1. Can you find, among B:ILE372, B:PRO405, B:THR353, the residue sitting farthest towards the positive end of the charge dipole of the stretch B:334-425, where Lys and Arg contribute +1 and Asp and Glu -1 at Cβ?
2. Cα gyration tensor of the stretch A:12-150, axes a ≥ b ≥ c as square roots of the eigenvalues: rounded (a/c below 1.5), prolate (a/b > b/c) or oblate?
3. In percent, what relative contact order does chain A have, based on Cα pairs under 8 Å that are 6 or more apart in sequence?
4. Which cross-chain or sequence-distant (5 or more) residues have an amide H under 5 Å from the amide H of A:TYR335, H modelled 1.01 Å from N in plane?
5. If only Cα atoms are counted, what is the Rg of chain B, and what is its Dmax, in Å?
6. Return one number: the angle in degrees, 0 to 90 and rounded to the nearest 10, between the long axis of the Cα atoms of helix A:439-459 and the longest principal axis of the Cα atoms of chain A.
7. With the Cα gyration tensor of the stretch B:216-353 in hand, convert its eigenvalues to equivalent ellipsoid semi-axes via √(5λ) and list them largest first in whole Å.
8. Please order A:TYR87, B:TYR335 by the number of other Cβ within 10 Å, starting at the fewest.
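Quick note: the coordinates plus some simple rules give every number you see, no bench work behind them. All of these numbers come straight from a predicted model, not from anything done at the bench. In this analysis, Cβ positions are derived from the backbone assuming ideal geometry, glycine residues included, and neighbour counts consider all displayed protein chains.
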Number of protein chains: 2
Amino acid sequence: MTSIAHNHAEAAYPRTRARLDEILRIPSISTVPSHADDVRRAAAWIVDWMLEMGMTHAQTHESAGRLPLVYGEWLGAGPDAPTVLIYTHYDVQPAEKSDGWATEPFIPTEIDGKLYARGAVDSKCHVVIQLAAVEAMLKAGNPPINIKVLCEGEEESGSEHIYEFVANNADLLKADVCVISDGSLPNEHQPVLDYGLRGIISFEIHVRGPKRDLHSGHYGGSVHNPIQALAEIISQLHAPDGSVSVPGFYEQVEPLSDEERTVLLPMRAPFDEEWRDVTGAPAPWGEADYSLHERIAVRPTLELNGIYGGYAGEGVKTVLPSSAVAKISCRLVPYQTPDHLWACIQSHITAITPPSVLVDVIRVEMGAEAFIIDRESAAMKAVTTAYERGWGVKPLLSREGGSIPVTAEFNKYLNAQMVLMPFGYKNGGAHSINENCDLGMVRKGIDTMLHFYTVLAEQA
Amino acid sequence: MTSIAHNHAEAAYPRTRARLDEILRIPSISTVPSHADDVRRAAAWIVDWMLEMGMTHAQTHESAGRLPLVYGEWLGAGPDAPTVLIYTHYDVQPAEKSDGWATEPFIPTEIDGKLYARGAVDSKCHVVIQLAAVEAMLKAGNPPINIKVLCEGEEESGSEHIYEFVANNADLLKADVCVISDGSLPNEHQPVLDYGLRGIISFEIHVRGPKRDLHSGHYGGSVHNPIQALAEIISQLHAPDGSVSVPGFYEQVEPLSDEERTVLLPMRAPFDEEWRDVTGAPAPWGEADYSLHERIAVRPTLELNGIYGGYAGEGVKTVLPSSAVAKISCRLVPYQTPDHLWACIQSHITAITPPSVLVDVIRVEMGAEAFIIDRESAAMKAVTTAYERGWGVKPLLSREGGSIPVTAEFNKYLNAQMVLMPFGYKNGGAHSINENCDLGMVRKGIDTMLHFYTVLAEQA
């Protein structure tokens, strides 16, 4: 199959490139309810392409109050051939040009081989790579494997509803191998394959003090300022050594074994370099007993995503504000459960809240557990070979600091070998301004998927 | 003079009440440059009224890049009669209904004897009270004193330009007594006369970390989060006992004498009650060695006016932000200088800044010193008598926690006895939502000013 399918993918590339533009123009922001119709528009766009290429059962699945999932399949290889389930997502984070973008976030703009748009790298390039690979394989004829594709529309807003869908549709989604296609390689040249993901939990701290904003002259010095009280609480969430100081936070964390530290060792130097390039931060920070790479790969975190309170406008307003809010998320590592962390966080904040303010801690997302893959599985070996052929370089092994909340759910309900196949890159600005994907990586991604299907068929 | 002038004020009240509506409809927000024309409109409105009642030299004074001062006078009592200079301001803080107002902030709305509008209590009620008293005195004929009225348009935005005007116009402004008419009585019933004001300095802390917003999964745990770093800095600005922990902060502060503590003693219980009513905070906070009233009257503060950084919108955005900002102001007590405090703040923040972030501390306003009046001066005694007659209750003595930055400048350049004559009240919501003035206090205020002029003339 390989060479013919690769030729079909190559011939179809101009159309594939145009499709990337099309889907990036749809502001499918799942975290902002007013964009629900845009999310639905993107879902319909995917269904159309699936039907056009000859996939079956292509349709959206939507329950009341939820954004649609898209599912389509091609099962023509027959019951004895391996079945692969592909998962990716088509929803995106919010973005406005005024955030500091150089281009309009929903008008895709190609500059020097990179395509700039919200969702370019997270994760619409994966939608297009995966469907383009299936399309090439179908055009080549006689695919050696069966394919199922599931695209989510709520990945950026907590993935809460896909859990139920997966639980209720285990037969529909049944597969030998499940490919999670999201996330990033460190750069365009050296593939790094992740065998683990961090989980996530998010919450808000609301501090309330006086019943309304006060004049800072009339009452300042006699009222606990909610911004100050919030800052004092936040300052008690980390120890000076960079570790999280919430009691119980590390209770469920397995120590990093010497064997795994050795597996991850080749990642240290490249991550140090990536860290300097991408972050531009004045100096590293965090737990000194761990390399920078280990801090994001194998250690849990507690991160401030936002803070607000009082006057944030131009000039001076001498107000003593009535409230202040912090938005926080934690990244979890294997064996930590969201419910345990949530209980630890609630108890700690309650314990450190002074009597001079009222504090509410609100869980915003139920959260997702971290996930780890058997590095020695057949599917993981097929992934390694596919990237080696697609990139011409032997991949390194790593663990990913980001979260793909559905991974644990797929693993729980589907008896499939799980693998991660990302085609984004770290400089892609996911969740930030000037998000972009590398168009060379899009082409390599399509080729890599075709190699993966060939190796899987050979293994069978 | 008294009874005739009082009768004139009473007869003119419906027109005075209408004038209050007129000036409150003008959004003369001096802290927002786009409202400069509204500030000028309010200035012209004052000039018109001054001319209408027969004051002379009534005009605006404006230099390039500055908002206008309004000055007018009536010197018909002759060189041997006492001359009184009245100072107040006609500019206001920002306000939008969406901040939580029950009514439109620039559409004055009367409810149960209170008039709701931005600037109602701070300080347009004073503009109207002062001009209505002068008008009544002029209508009564043969006023026993000379009057000068100066209204500022930049009080809410730092009062920087009036300094130069006062310095350059000491002859024009020359007076025996200078009345600062701004600020608040605790309530409608019990006048409290302030013999001191706190000063002010304002600044911002800008924390910068990574060069752009990062994905909290990709780099979280290896980069010092700017919101967290800012919270850690803020938490080191106060000690657990509520005192400011900036080294040198209290160096210039005189200890509270037993004699003054006794003078202020009657304020304790009423302020405790006011504090409970107005703040509604869960519990008092601050320096335990001082009563709640002393904390705001005789102690300096460092107050958080605003904070922002990262994502403050709806839902979740798992960003590790590139920066965070806090807006802070300090209230100063007598003998503290803004420059000394600024040096202390800069050194302290530099000393506690970790190497993992960059911090800029930016002075937003040059600031103003605190101010204290001789409680035994003749003018202070005239003020006491005037309020006793106007209110029918003996006033208490106190010191004010707010700041009127020009006071120190008037004292420096004009060889006049300074007094404070406020007619606002603490429940007036100055600098907050639902700002309002009490219309009964407006009428008593006009009467009190007429009593004051009578007593001054009798003293002469």
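1. Farthest along the dipole direction, towards plus: B:ILE372.
2. Details: a/c = 2.71, a/b = 1.53, b/c = 1.78.
Verdict is oblate for the stretch A:12-150.
3. Values: 952 pairs, mean separation 116.6, N = 460.
It rounds to 25 percent for chain A.
4. Placed amide hydrogens put A:ALA370 under 5 Å from A:TYR335.
5. Rg, Dmax (Cα atoms, Å): 23.3, 80.
6. The two axes meet at around 60 degrees.
7. Values: eigenvalues 252, 82, 24 Å².
With the √(5λ) rule applied to the stretch B:216-353, the semi-axes are 36, 20, 11 Å.
8. Details: A:TYR87 25, B:TYR335 14.
By the 10 Å Cβ count, ascending: B:TYR335, A:TYR87.
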